[in-house]
Amino acid sequence: MNASSDPVSLALIGCGGIAQTHLEAIGRVPQVRLAAVCDTRADLAAAAAGKYGVPAVSSVDAILKDKEIRAILVCVPPAHHFDLMKKAVAAGKSVLCEKPFTLSVKEAETIRALSAAAGTLVMMASKFRFVQDVIEARKFIQSGTIGDLILSEVIFCSVVNMEGRWNSDARVAGGGVLIDNGSHAVDVIRYVVGPIRSVYAQAGKRTQNVRVEDTARLHFETDGGVIGMVDLSWSLYKHTPNYVNLFGTKGTVEVGWAQSLIWDAGEKTSRVFGNGYKKLDAFVNQIRHFADCIQKKTDPILGIEDAVESVRVIETAYRSISEKKWLKVRG
C-alpha cells in the first residue's frame, strides 16, 4: 500500500439537509479540500458555495470531467444514487454515497462489479460506524466481556412530520422509514453483532398522510445465532435513552444518545463507558477515514460488500412484509 499525503480534492453533489453536516465535517478535516458543490437547485448550491468559498457547479458532468477532483460525496435523493455512482466510477472518482446505497440489490451489485473492474473506491456513508460508543460496544462483544451475546435491539423512533418530503415518496426514496432509518440500523447490527441471516418485517399502523410505512419492526437472526429486533418510526417515541441494547450471558451493553453503560450481571454493577452520540464527530471521523482510504493509509472499515449487504437485508425485509413470513437474506 503506497500512502499519499496529498489533500483529497472532493466535490459534493446534493446540497440538501444531510449535506450541511457533511460540509461542516469536511471543513474540520485538513486532508480533504472541498473543490466544488453541485445541486439542481441553484439557490442551495449558491448558499453552500458562498458559505464555504468554493464554486457552485451546475453540471455533474463538469465535475466528473475535472481531473483535479479525486472524490465525489453523493448527497442526492436515493433514486439518483445508482446513475450518479456509475458515472463517477467511470470517471475514475472515489465515491462516498449517502444511505440507502441503492434502491435494489441488482443496482448495488452492478456498482460493486464496476468499482472492482475500475479499481475505484466506493463506500456507503454510515455514520454510526464512526460513533465512538458504537465502536466500544463492538469491542465488548468481540472480547466476550458480556459473555455470549444472545439478544440485541436497535431503536430509531421519533416524531417527524414526513408529509410532502421526498423521504416519504417511494419513487424517490425506495420506501419509507424501513429503508430510510432501517439502512442505518441494519449496518449497526452487521457491524456490532454480525451478518444477518434471516428477517421477518412488519409495517405498523400508518398515522401520517404518506403512502409509505411510517412505522416498522424488523426481527432478525444473525449468522452467529443472535436474535433481535429493530424498531423504526417517524410517528412515535419509545421512551428509552438507548438506541442499541446488547444482552449477553454475563451482562448488558447500552449505547445511548447521552451516555453509554455496561452492566456486569455477576457483580450487579454498571459503569459509564461513553458520552453518547455526537453527530458532527461521527461525520468528521467518517470523512477522515474516507480520505485515509483514498490516500491508501488504511483499508475501508465499511467496504463495498457491506453496502451491498445493507441493500440486500432491506430488500428482503420489504419482501417479508409483502409475503408475511420469515425470509433468508442470502440463498
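In this structure, V172 does not qualify as under 17 Å from V134 (Cβ atoms) and either among the aliphatic types (A, V, I, L, M) or not assigned by TED's automatic domain parsing to the domain that holds Y318 (or both). Just one of the listed residues (S9, S5) is outside any helix (DSSP H, G or I), among the small types (G, A, S) and under 12 Å from A71 (Cα atoms), and it is S9.
Between I314, I262, I287, I321, the distinction of being part of a helix (DSSP H, G or I) and either farther than 24 Å from E98 by Cβ or over 21 Å from the mean Cα position of the chain (by Cα) (or both) belongs to I321 only.
If you scan the range 266-280, which residues turn out to be in a loop (DSSP other than H, G, I, E, B) and touching a residue at least 24 places away in the same chain (Cβ under 8 Å)?
N275, G276, Y277, K278
If you go through the range 295-312 and keep only what is hydrophobic (A, V, I, L, M, F, W, C), buried (at least 20 other Cβ atoms within 10 Å of the Cβ) and either out of contact with any Ser or Thr (no Cβ under 9 Å at 6 or more places or on another chain) or more than 25 Å from Y243 (Cα to Cα) (or both), you end up with just I304.
Set side by side, the residues D66, D83 differ, and just one is free of Cβ contacts under 8 Å to residues at least 24 places away in the same chain, of a type in the set (D, E) and out of contact with any Phe, Trp or Tyr (no Cβ under 9 Å at 6 or more places or on another chain), which is D83. Of all the listed residues (I135, I146), the sole one being surrounded by fewer than 23 Cβ atoms within 10 Å (Cβ to Cβ), touching a residue at least 12 places away in the same chain (Cβ under 8 Å) and over 30 Å from D169 (Cβ atoms) is I146.
If you take the residues in the range 102-132 that are free of Cβ contacts under 8 Å to residues at least 40 places away in the same chain and over 21 Å from E315 (Cβ atoms), which one is surrounded by the most Cβ atoms within 10 Å (Cβ to Cβ)? It comes out as T120.
Any idea which of V230, V226, V255 is buried (at least 16 other Cβ atoms within 10 Å of the Cβ), under 30 Å from G164 (Cα atoms) and at pLDDT 95 or above? Walk me through how you get there before you give the answer.
Details: V226 fails: under 30 Å from G164 (Cα atoms); V255 fails: under 30 Å from G164 (Cα atoms).
Exactly one of V230, V226, V255 is buried (at least 16 other Cβ atoms within 10 Å of the Cβ), under 30 Å from G164 (Cα atoms) and at pLDDT 95 or above, namely V230.
The values are calculated or read from the model by the stated rules, or taken from the named source; none is laboratory data. Since the model is a prediction, treat every value here as computed from it, not as a measurement. Glycine also receives a Cβ, built like all others from the backbone with ideal geometry; neighbour counts cover every protein chain displayed.
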